[in-house]
Every structure is written in structure tokens, then in C-alpha cells.
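Heads up: the structure comes next, in C-alpha cells.
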């Protein structure tokens, strides 16, 4: 008898000084899994770890699997639109810009329409979804992430500042 089978998601993960290209297999609903505080780290498969900075003496590392500390993850880009379409998101959204140590990230932040832009996060969750996201490097980089992705899960603890997008 086989156990429950979970799908793999193709992702790019931003961690301090590195970009991870990998496959990720959440155990059930992606947001519930990432926001479950009992998981202190996450396991990724078919991993390529690439340095962001230009002063590294190696081009990258490939491993069949790698565990990453949950607190190290700044963002996780979801590369397949069909994966994002499976996520249950609030219908109300607003375009926001978030700044991390290495990136400016713009996207549609799904939040209750009554929530003021200056207070969009809650302490219950660590990861929040953006759709139609764009990732812009803030520094010169050896390896850049995919700029436009259908979705991105942003770790609120990695955000240095944010504001509503102005056209």
C-alpha cells in the first residue's frame, strides 16, 4: 500500500548571499506547510546553489538534496503558473514593493481589503503570497533570479521595508 503522494514544485529560493534552484515538495497545502512552526527547516531536491555576489571563488554547487533553515529563506519564487493556481488566496489584493537585503520585490499582495497598507502582516504567519511578482536585484550579481514569476512566497522576517506601489 502506497502512502500519500505530494507534488513537487519548481522553485527559486533566495537565502543570504545565495540563490537556490530546486524542486520542493510541500506536505499538503503550500502556505499551511510553510507557516507551520514545527518545521524548522525545509528539504529541497535537485538543488543548484548559486552565489549572488560577484566575489565568490566558485560558480555554484549541485546536490541531489539540501536542507535549508526556514529563517534563512527570504523568498521562494513559484515558477509554474499551474502551481500558483492551486493555492487558495484572498481575492482582494494590492500592488506592493518589498525590500530585502539583496532585492526589491514587486507584486500583488493578497490581503483583506480593510487592512491598511502600513500594517499588512500578522504575527501568526511567516510566509505571505504575492502573485505576478517581479524580482529586481539591488546589487551587482553573478547569478540573478528569474525576474518575472507567477507567484512568490515572501518571508516577512526578511523584509527590511515596504510600501504601496505608485504608478
Cα gyration tensor category, rounded, prolate or oblate, for the chain with a/c compared to 1.5: oblate
Residues 42, 121, sorted so that the one with the fewest Cβ neighbours within 10 Å comes first: 121, 42
Per-peptide average of other Cβ atoms within 10 Å, ordering 44-55, 155-166 highest first: 44-55, 155-166
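If the chain between residue 23 and residue 157 were fully stretched, how many nm would it gain, using 0.36 nm times the residue separation less the Cα-Cα distance?
Value of the extension gain: 45.9 nm.
Ranking 106, 139 by Cβ neighbours within 10 Å, fewest first, what do you get?
With the fewest neighbours first, 106, 139 line up as 139, 106.
Order the peptides 71-77, 11-17 from the highest to the lowest mean number of other Cβ atoms within 10 Å of their residues. Let's see the in-between values first.
Values: 71-77: 21.9, 11-17: 19.6.
In decreasing order of mean packing, 71-77, 11-17 become 71-77, 11-17.
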Ranked packing of 125-132, 97-104, 60-67, most packed first, by mean Cβ within 10 Å: 125-132, 97-104, 60-67
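Throughout, read-outs are computed from the coordinates displayed, never taken from laboratory work. For clarity, every value in this text was computed on a predicted model and none was experimentally measured. Glycine also receives a Cβ, built like all others from the backbone with ideal geometry; neighbour counts cover every protein chain displayed.
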